[in-house]
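Encoded as structure tokens, the structure appears first; notes follow it.
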Amino acid sequence: MRSSLCLTSNLQGSNPLMAFGSGSLVWFRKGLRIHDNPALEFASKGTDFLYPVFVVDPHYMKPDPDAFSPGSSLAGLNRIRFLLESLVDLDSNLKKLGSRLLVLKGEPGEVIIRCLEQWNVKKLCFEYDTEPYYQAMDVRVKEYASAAGIEVFSPVSHTLFNPADIIQKNGGKPPLTYQSFLKLAGQPSWASCPLSITSTSLPPVGDFGNCKISEVPTVTELGYEDTGQDELTPFRGGESEALKRLRDSISDNQWVANFEKPKGDPSAFLKPATTVLSPYLKFGCLSSRYFYQCLQDIYKNVKKHTSPPVSLVGQLLWREFFYTVAFGTPNFDQMKDSRICKQIPWNNNEDLLAAWRDARTGYPWIDAIMVQLRKWGWMHHLARHCVACFLTRGDLFVHWEKGRDVFGRLLIDSDWAINNGNWLWLSCSSFFYQYNRIYSPVSFGKKYDPNGEYIRHFLPVLKDMPKEYIYEPWTAPLSIQTKAKCIVGKDYPRPVVFHDSASKECKRRMGEAYALNQKLNGLVSEQDLHSLRRKLDEDQNHDDTKAKRQRQKLIG
DNA sequence: TTTTCGTTGTTCTT
DNA sequence: AAGAACAACGAAAA
């Protein structure tokens, strides 16, 4: 039915040759690569024309002047730039194979359906995506395609495993611990045969009629002002860069074999302690399966190597773990109505949140990390732990969803499942429950970087502060502050909270919240939370008054 | 029902 | 550099 309609319209079109061929559309969203790309490979087979499409969603790309940092309403400029660089590289790699990237603009689902209406497409191919945003969009597109008689091919290639398989193996529920995930997962099904990582040539691009096709836009074309180079991330996007980075990272077999994540130095910034492949995995510039295969090849050739969870393969499996739980858990990205999330009476203090977000908590270790996040869009895993713990259960007791949003905007590797999973983890809302283990905003950084070089680099206002005071500048005598040209309270903020008392109060609140969750068997209503919050605030005021009275007694 | 174990804490002691 | 105390949760296995 549809093909005959298409034939008619093509015969009437400007290019009568189109009537004698049919095309495939490969829709890029993530998976911005040529190597190990099953959707691209399948789309290219047995077809006369290939339409490689990326849809620029203005909602994701358009400048939002109200946002707290340059960028759109959803993404910081660093990530938008990284995406554009990845698209330019994809276009250039497609051109080497005789094709090109067709860039369209609009709401992606609608645009793809319009393309399917107007072009002679027999096959629609795109990588399967487990995020709720794509799940909803893909249902609509698939419905349209099948009604129109178009074959849809949507392979799982963003992850090593199909999260749905793991969940099914576990009786319909996702595993909630890493170890149980490992047992269920085993070896990936594709691991026994080599992946397809080279492509010789691609079919020519089909006629796109009067559809508005453009080149990959520049940030300026999207409406962003030129910003200083020192404000931008040092990491460049794209498959070529990803493969180069991969080769560099794994060139030293011993380094790969001995890799242990928890032993990395979060303050290393000249040469980060990890691979920094996460942004490339996020956009699929690097295939996680290819990375996995490379690592397995190395493990085969060394005497001994580290294992999950700490090894490099272990890191890839963490990603799988969070993808699986995220896919199998309704409302994974919020506290309310989440089966796995502890109900905790977080406060709603906008001032504390803003101080954390804008790197003015008064704790140099925390603020330096937040500056690195703002400028680079990337920090070491443990650095993320420190600031996430500080914002939530450690010091400020601000809701993890607020921190999640800030990371979600500013990180170039921000990934829905992993970002939410880690915030759940660090806030002791799920997966991890040892709320007494709090990262010290002073001593944790110090043990890696006693001289405070990391702080001096990202907070130049403190660059002349002696190392004795650089983690706690408010303790420096005024003469030292003057000499360092940094007066606390004027040039650099006083601490927003005292860590000792704040963390103690946080622990108390976590303890009471846990007790309530246990008592109510996890079914904590908003009313229950509200009452607990009021009780906790009253207790705190009571304690504060008592302390004040004691202090006065001592003075008097 | 009980036991085991958990990617990456801090601080003090030896 | 390594170990103990701290305080003590939940998921999964037994």
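Per-residue ellipticity at 222 nm, computed for chain A from helices alone with -39500 (n - 2.57) per DSSP H run of at least four residues, works out to -14000 deg cm²/dmol.
Summing charges over neighbours of A:Met137, with a neighbour being any other residue whose Cβ is under 15 Å away from its Cβ, gives -3 when K and R count +1 and D and E count -1.
Of the GluC sites (Glu not before Pro) found in region A:366-474, those in coil by DSSP whose Cβ has at most 12 other Cβ atoms within 10 Å are A:Glu468. The longest stretch of chain A left intact once loop-based chymotrypsin sites (Phe, Trp or Tyr not before Pro) with at most 15 other Cβ atoms within 10 Å are removed from consideration, loops following DSSP, is A:69-431. Using only Cα atoms, locate the centre of region A:251-296 and the centre of region A:425-494, then give the distance between them in Å, rounded to an integer. About 28 Å separates the Cα centre of region A:251-296 from the one of region A:425-494. Each label point was placed 7 Å from the Cα along the Cα-to-Cβ direction; for A:Arg508 and A:Ser189 their separation is 5.5 nm.
Any idea what the alpha-carbon Rg over 2.2 N^0.38 Å comes to for region A:213-262? Please list the in-between numbers first.
Working: Rg = 17.2 Å, N = 50, 2.2 N^0.38 = 9.7 Å.
Dividing the Cα Rg of region A:213-262 by 2.2 N^0.38 Å gives 1.76.
Only Cα sites of chain A enter the Debye sum here, all with the same form factor; the resulting log10 I(q)/I(0) across q = 0.09 1/Å is -0.76, listed in q order.
What value in Å³ per residue do you get for the convex hull of the alpha-carbon atoms in region A:350-555?
Details: hull volume 28.2 nm³, N = 206.
Normalising the Cα hull of region A:350-555 by residue number yields 137 Å³.
For the listed residue pairs A:Lys183/A:Lys282; A:Lys271/A:Lys402; A:Lys375/A:Lys446, the alpha carbons are over 27 angstrom apart in A:Lys271/A:Lys402.
Where does each of A:Thr200, A:Thr159, A:Thr392, A:Thr130 land when they are ranked from fewest to most other beta-carbon atoms within 10 angstrom? Don't skip to the answer; put the middle values down first.
Details: A:Thr200 7, A:Thr159 23, A:Thr392 28, A:Thr130 19.
So the ranking, lowest neighbour count to highest, is A:Thr200, A:Thr130, A:Thr159, A:Thr392.
Let me make sure I get this right: for region A:2-157, a, b and c are the square roots of the gyration tensor eigenvalues over alpha carbons, sorted descending. Under 1.5 in a/c it's rounded, otherwise prolate if a/b > b/c, else oblate. Which is it? It comes out prolate by the Cα gyration axes. Report the relative contact order of chain A, percent, no decimals, based on alpha-carbon pairs under 8 angstrom and at least 6 residues apart. That works out to 15 percent. Quick check: net charge around A:Ile438, other residues with Cβ under 11 Å of its Cβ, Lys/Arg +1 and Asp/Glu -1? Value of the local net charge: +2. Among A:His381, A:His542, A:His35, a tally of other beta-carbon atoms within 10 Å of each Cβ gives an order, fewest to most, of A:His542, A:His381, A:His35.
Ordered by the number of other Cβ atoms lying within 10 Å of each residue's own Cβ, fewest first, A:Glu110, A:Glu472 fall into the sequence A:Glu110, A:Glu472.
Throughout, read-outs are computed from the coordinates displayed, never taken from laboratory work. Only a predicted model underlies this, so the values are computations on that prediction, with no experimental measurement involved. Glycine also receives a Cβ, built like all others from the backbone with ideal geometry; neighbour counts cover every protein chain displayed.
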